[in-house]
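First, the structure itself, so that you have it in front of you.
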Amino acid sequence: MKWFRRQEKHDEAEELEAIEVDEAARAAEEATDEAAEVEPEVLEEADVEPEEAFEEEGDQETASWFARLKKGLTKSRENIVGKISTLLTMHGKIDDELWDEIEAILIQADLGIHSTTRVIDSVRDSVERERISDAEEVMGLLKSELTRILKTEAPQTLDHTAERRIYLIVGVNGAGKTTTIAKLARSFAKEGQSVLLGAADTFRAAAVEQLDVWAKRMGVDIVKHERGADPAAVVYDAIHAASARRIDVLLIDTAGRLHTYVNLMEELKKIKRIAEREKGDADLQTLLVIDATTGQNGIAQARLFNEALDVDGIVLTKLDGTAKGGIILAIHDELAIPIRYVGVGEGMDDLKDFNADEFIEALIGS
């Protein structure tokens, strides 16, 4: 049975646009509600303990980043490339039914309707223009189109040339913010840069203590207040401490849930206003951490955080835990927010700068 017909698909996309704001808000509320169900005194559920991460370090050094990335994308590769390759081999000819089946596979992999439509239309146009008749040649065109989407409209790496940098790390609880901060801190420290942590998540139980443990394990300083303190005050003190000590990189942890979603966004807006006002000559970047396993909810989160904070980039974690790696294209294509870092494991070296060519090669291959 065919999944979509062209006119039905475009009609459905228009209907989704009319209600996507409400759905996004509800999805973000659900994501934070789920995170709140963790026992109060338990460390953030999605974060790995410092001891576990450092134990994995030795094994990581023997494998290249590309090898780890390719291994981490195994589920997504089987879900997308494996299914499409089998389809192309079995189908043989290029017709409407083939496009419908490819479309279904991409949507199931969380590319979303809009991104999938764009990919299919572009590849289909190329097939018609170049008069391609062999179905197996479609995979090469698909690879080129996915790479093109990921490389357009925004730079893929942050500007590391600024003398002093401040990274405001945001996202819902459970996405892996604290572990991401630890991994970034380790990466910058290994490059010889001085690092300071700011514990501005004063709402979640044990959040400050957790970040403090990471700081001690990595030998970096931390600015912290008591639980329940004003997060903006922590940010203010952290920025001035970094400035006084001429710290290269300041990484600020933030809350992922308050009593309501509205309260969370207002608190984060306040924090960013303080950071903008006090940053001096430092470069300020807002990075949103998203758990790749949340699928379309992740896109909803990105949309809402971006509307409130003007996000500079996405840190996409846990790609190794999902078969729906298409979310990375949907976020970039639909929201025009660049992917800055990707994570494919719990080890300290399993978070790296995002590279579109490298990612597509690991996902699809030659």
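Would you point out which residue out of Ser194, Ser187 is at pLDDT below 95, surrounded by 15 or more Cβ atoms within 10 Å (Cβ to Cβ) and not hydrophobic (A, V, I, L, M, F, W, C)?
Ser187
Being surrounded by fewer than 24 Cβ atoms within 10 Å (Cβ to Cβ), within 24 Å of Tyr261 (Cα to Cα) and either of a type in the set (S, T, N, Q) or without any contact (Cβ under 8 Å) to a residue 60 or more places away in the chain (or both): is that true of Ala206 here?
no
Kindly evaluate Lys83 against the criterion of being within 20 Å of the chain's Cα centre (by Cα) and at pLDDT 85 or above.
Numbers: within 20 Å of the chain's Cα centre (by Cα): no; at pLDDT 85 or above: yes.
No, not satisfied.
Would you mind finding the one in Leu150, Leu141 that is part of a helix (DSSP H, G or I) and modelled with pLDDT under 85?
Values: Leu141 fails: modelled with pLDDT under 85.
Within the list Leu150, Leu141, the selection yields Leu150.
Mind listing just one residue for me: the one in region 173-219 that is over 17 Å from Ala241 (Cβ atoms) and among the hydroxyl-bearing types (Ser, Thr, Tyr) and, of those, nearest to the chain's Cα centre (by Cα)?
So the residue we want is Thr180.
When the residues of region 317-366 are narrowed to those that are of a type in the set (A, V, I, L, M), at pLDDT 85 or above and assigned to a loop (DSSP other than H, G, I, E, B), which ends up farthest from Ile120 (Cα to Cα)?
This residue is Met348.
Output the qualifying pairs, or none if there are none: Cβ atoms under 9 angstrom, residues six or more apart or on different chains, first residue in region 348-360 and basic (Lys, Arg), second residue at pLDDT below 90 and buried (at least 19 other Cβ atoms within 10 Å of the Cβ).
From region 348-360, the pairs are Lys352/Arg68; Lys352/Leu69; Lys352/Val344.
Moving to a separate point now. When you go through Ala336, Ala282 one by one, which is the residue that is touching a residue at least 60 places away in the same chain (Cβ under 8 Å) and within 30 Å of Glu361 (Cα to Cα)?
Just a single option satisfies the conditions, and that option is Ala336.
Provide a single number: the residues in region 252-279 that are open to solvent by less than 50 Å² (accessible area, probe 1.4 Å), out of contact with any Lys or Arg (no Cβ under 9 Å at 6 or more places or on another chain) and in contact (Cβ under 8 Å) with a residue 40 or more places away in the chain.
10
Of all residues in region 127-137 being at pLDDT 85 or above and assigned to a helix (DSSP H, G or I), which is surrounded by the fewest Cβ atoms within 10 Å (Cβ to Cβ)?
The residue in question is Arg129.
The values are calculated or read from the model by the stated rules, or taken from the named source; none is laboratory data. In this text, all values refer to a predicted model and were calculated from it rather than measured experimentally. Note that we place each Cβ from the backbone using ideal geometry, even for glycine, and neighbour counts take in every protein chain shown. For the accessible areas, the whole protein counts, side chains as well, though only heavy atoms, and no ligand, DNA or RNA atoms are used. Shrake-Rupley method; radii C 1.70, N 1.55, O 1.52, S 1.80 Å.
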